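The values are calculated or read from the model by the stated rules, or taken from the named source; none is laboratory data. Source: prediction; values computed, not measured. With ideal geometry, Cβ positions are generated from the backbone for all residues, glycine too; neighbour counts draw on all protein chains shown.
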Ligand code: AMP
Ligand code: MN
Ligand code: MN
Ligand code: MN
């Protein structure tokens with residue numbers, strides 16, 4: 001490798017992705033292989049409230065020489081039960097407090113999923129719960145599982161419609177989640193040696209003022225990062241999130257939030273470039289030149 005090559009080497013980071021251990025559709029090995037094919041050098045696997053995919057992902061990452069970041073995406077509640085997702089990067093998955101906390105959230109997910117199933121069944125659709133469990137088991141049950149169920153049985157034309165008509169806030173089968181408080185989720189991440197990042201800040205429909213309040217509470221709790229770039233962010237969103245990160249001295253993270261190859265708008269490692277003037281979350285990571 002020449003020095004010039006090393007100087008020009010710009011690794012591709014994708015620090016937000018899912019497998020079928022939560023609501024993705026690929027196995028951890030398939031996810032890692034796809035990331036490699038798409039040119040990703042540093043991939044974080046961040047399943048919802050679950051870390052069981054990391055061992056398999058690490059094995060494949062070692063084989064194909066990709067840097068796997070151990071991650072998780074924790075569901076938390078903030079300010080009158082609004083759901084926020086916090087990505088943890090470089091966590092220690094063997095940390096007991098983290099694992100106990102995630103297990104509790106998955107129990108809450110099962111309780112909520114049963115209520116969602118009942119609501120759908122009340123609308124005249126049978127065997128919802130049985131089908132969901134047969135398809136997914138009890139691992140990190142999410143609304144996405146219900147969206148796929150509704151699509152599979154022809155009750156909606158696509159996943160978007162499933163959220164709009166059934167599972168979203170105004171949907172027929174909406175059940176709000178009761179997650180742990182924001183500061184607790186951030187603390188689990190920090191105490192396990194990880195960095196906490198606010199996931200997809202542009203997706204919460206918040207005013208700038210509200211977002212700033214979230215950032216302040218998040219920083220008070222020990223959070224350090226903001227996902228300033230995602231596959232589907234507009235140019236405006238990219239620049240306003242970069243400016244938010246700069247103003248509040250947060251490190252910038254980037255992530256596709258990849259779930260499944262079926263989605264034409266989202267791909268691992270695609271369109272995740274970071275502006276020069278902003279400090280990336282990986283600025284002090286130990287980097288390898290490959
Ligand atoms: P849950 O954590 O169970 O509330 O489910 C949230 C997950 O549902 C997110 O992580 C997304 O993967 C998915 N999701 C939420 N809203 C939408 C939407 N409008 N279209 C497609 N997927 C969605
Ligand atoms: Mn998801
Ligand atoms: Mn999320
Ligand atoms: Mn996600």
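Some observations on this one:
- Some residue of region 249-256 being assigned to a helix (DSSP H, G or I), over 18 Å from residue 16 (Cα atoms) and at pLDDT 95 or above: no
- Any pair with Cβ under 9 angstrom, 6 or more apart, that starts in region 187-210 at a residue that is under 18 Å from residue 18 (Cα atoms) and ends at one that is within 15 Å of ligand 1 (Cβ to nearest atom) and in a helix (DSSP H, G or I): 196/185
- Among the residues here, residue 93 does not qualify as surrounded by fewer than 23 Cβ atoms within 10 Å (Cβ to Cβ), more than 16 Å from ligand 3 (Cβ to nearest atom) and either at positive phi or part of a helix (DSSP H, G or I) (or both).
- When region 42-68 is filtered for residues that are away from ligand 1 (no atom under 16 Å from the Cβ), part of a loop (DSSP other than H, G, I, E, B) and in contact (Cβ under 8 Å) with a residue 60 or more places away in the chain, the ones remaining, listed by number, are 52, 65.
- Unique match (being over 30 Å from residue 245 (Cβ atoms) and part of a loop (DSSP other than H, G, I, E, B)) among 146, 138: 138
- Options 99, 82: the member that is surrounded by fewer than 19 Cβ atoms within 10 Å (Cβ to Cβ), more than 11 Å from the chain's Cα centre (by Cα) and within 16 Å of ligand 3 (Cβ to nearest atom): 82
- Number of the condition not met by residue 107 [criteria: (1) in a helix (DSSP H, G or I); (2) in contact (Cβ under 8 Å) with a residue 12 or more places away in the chain; (3) more than 21 Å from residue 214 (Cα to Cα); (4) out of contact with any strand residue (DSSP E or B) (no Cβ under 8 Å at 6 or more places or on another chain)]: (2)
- Pairs, first over 15 Å from residue 142 (Cα atoms) in region 158-175, second modelled with pLDDT of 95 or more and outside any helix (DSSP H, G or I), C-beta under 8 Å, six or more apart: 164/170; 164/171; 165/156; 165/171; 165/172; 172/123
- Within region 107-127, being under 28 Å from residue 219 (Cα atoms) and surrounded by 18 or more Cβ atoms within 10 Å (Cβ to Cβ) holds for one residue alone: 109.
- Contact map, region 69-95: first residue more than 18 Å from residue 226 (Cα to Cα), second residue part of a strand (DSSP E or B), Cβ cut-off under 8 Å, separation 6 or more or different chains; pairs are 92/70; 93/70; 93/72.
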